[in-house]
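Peer 1: Take this structure first; my questions come after.
The values are calculated or read from the model by the stated rules, or taken from the named source; none is laboratory data. As the structure is a computational prediction, the values presented were derived from the model and not from experiment. Here the Cβ is made from the backbone with ideal geometry for all residues, glycine too, and neighbour counts use every protein chain on show.
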Amino acid sequence: MGLFNTIRCNIDLPLPEDLHELSDVNWKSIEFQTKDMWNPMANYRIGIGKQLWRAEDEWEWIEDDTSPLRGALSNELRKEIHDTFTGDIHMHTSFQREACDYWVQFKLHIVKGVVKDIELVEFNRSDNTPRKESTIKLANEIQVQRARQKKLWYRVYKYLYMAPLRFIFRLIKRIADCISKNTWKVERKLLPF
């Protein structure tokens, strides 16, 4: 994983003729991801004239008593700055559709903030049966866990067995941490030279 940048392309992309289930996609509204640029978590846009623009956001803490954190961060786009990046950017996105899943990747060659060349690197269709099966399996496991938590025996287990055991083990860990942090003091007294 890691931090990535997002890119929106307001220019035509070199797409294959047969887009299958992706023929209805508005490619100019898609946010692509990349890790090829030096400013992580920035939002970029390739606009008219194939120029690269970086969004300058301003973050602000908004107080909200209904929020668990008593507020939330909110960002507001202040301005866009022409970025003078030079190099290659690999940007990608994925789609989950009913028949197949898709992975789409482009390579952009940029010189001083202007796109000189766009190449379609990958347009892969893959079977989504494993994803669908794991989604169903996860939903079933969640349903079983929720049903288990509603039963009386689980509440008894949780409060009379699990909670005391966790308390005891946390206490043991704290004592062990305290001992390990203070052993150097004992060692210094036993070995003064």
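Peer 1: Which condition from (1) touching an Asp or Glu at 6+ places or on another chain (Cβ under 9 Å); (2) among the aromatic types (Phe, Trp, Tyr); (3) exposed (fewer than 11 other Cβ atoms within 10 Å of the Cβ) is the one that Phe167 breaks?
Peer 2: Exception for Phe167: condition (1).
Peer 1: Which condition number does Leu52 fail, the rest of (1) of a type outside the set (D, E, K, R); (2) under 14 Å from Glu80 (Cα atoms); (3) in a loop (DSSP other than H, G, I, E, B) being met?
Peer 2: Among (1) of a type outside the set (D, E, K, R); (2) under 14 Å from Glu80 (Cα atoms); (3) in a loop (DSSP other than H, G, I, E, B), the lone unmet condition for Leu52 is (3).
Peer 1: Could you say which residue among Glu60, Glu17, Glu21 is assigned to a strand (DSSP E or B) and out of contact with any helix residue (DSSP H, G or I) (no Cβ under 6 Å at 6 or more places or on another chain)?
Peer 2: The unique qualifying residue is Glu60.
For (1) within 28 Å of the chain's Cα centre (by Cα); (2) in a helix (DSSP H, G or I), each residue gets a yes or a no:
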{"residue": "Ser134", "(1), (2)": "yes, yes"}
{"residue": "Lys158", "(1), (2)": "no, yes"}
{"residue": "Tyr161", "(1), (2)": "no, yes"}
{"residue": "Leu165", "(1), (2)": "no, yes"}
{"residue": "Phe169", "(1), (2)": "no, yes"}
{"residue": "Ile175", "(1), (2)": "no, yes"}
{"residue": "Thr183", "(1), (2)": "no, yes"}
{"residue": "Glu187", "(1), (2)": "no, yes"}
{"residue": "Phe193", "(1), (2)": "no, no"}
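Peer 1: If you check Phe32 against the conditions, is it assigned to a loop (DSSP other than H, G, I, E, B), surrounded by 13 or more Cβ atoms within 10 Å (Cβ to Cβ) and of a type outside the set (A, V, I, L, M)? Spell out the reasoning first.
Peer 2: Details: assigned to a loop (DSSP other than H, G, I, E, B): no; surrounded by 13 or more Cβ atoms within 10 Å (Cβ to Cβ): yes; of a type outside the set (A, V, I, L, M): yes.
So Phe32 does not fit the description; no.
Peer 1: What are the residues in region 39-96 that are of a type in the set (Asp, Glu) and over 18 Å from Cys9 (Cβ atoms), if any?
Peer 2: Selection gives Glu56, Asp57, Glu58, Glu60, Glu63, Asp64, Asp65, Glu76.
Peer 1: Could you tell me whether any residue of region 139-161 is over 20 Å from Ile30 (Cα atoms), without any contact (Cβ under 8 Å) to a residue 60 or more places away in the chain, aliphatic (A, V, I, L, M) and touching a Ser or Thr at 6+ places or on another chain (Cβ under 9 Å)?
Peer 2: no
Peer 1: Name the single residue, out of those in region 63-84 being part of a strand (DSSP E or B) and surrounded by fewer than 12 Cβ atoms within 10 Å (Cβ to Cβ), that is modelled with the highest pLDDT. First the steps, then the outcome.
Peer 2: Of the residues in region 63-84, the ones part of a strand (DSSP E or B) are 63, 71-82.
Right, trim to surrounded by fewer than 12 Cβ atoms within 10 Å (Cβ to Cβ) and you get 63, 73, 75-79.
Working: Glu63: 87, Leu73: 79, Asn75: 72, Glu76: 69, Leu77: 63, Arg78: 72, Lys79: 82.
Step by step, filter region 63-84, then rank; the result is Glu63.
Peer 1: Could you tell me which of the residues Tyr154, Tyr102 is aromatic (Phe, Trp, Tyr), surrounded by 10 or more Cβ atoms within 10 Å (Cβ to Cβ) and not assigned by TED's automatic domain parsing to the domain that holds Leu19?
Peer 2: Result: Tyr154 is the single residue among Tyr154, Tyr102 that is aromatic (Phe, Trp, Tyr), surrounded by 10 or more Cβ atoms within 10 Å (Cβ to Cβ) and not assigned by TED's automatic domain parsing to the domain that holds Leu19.
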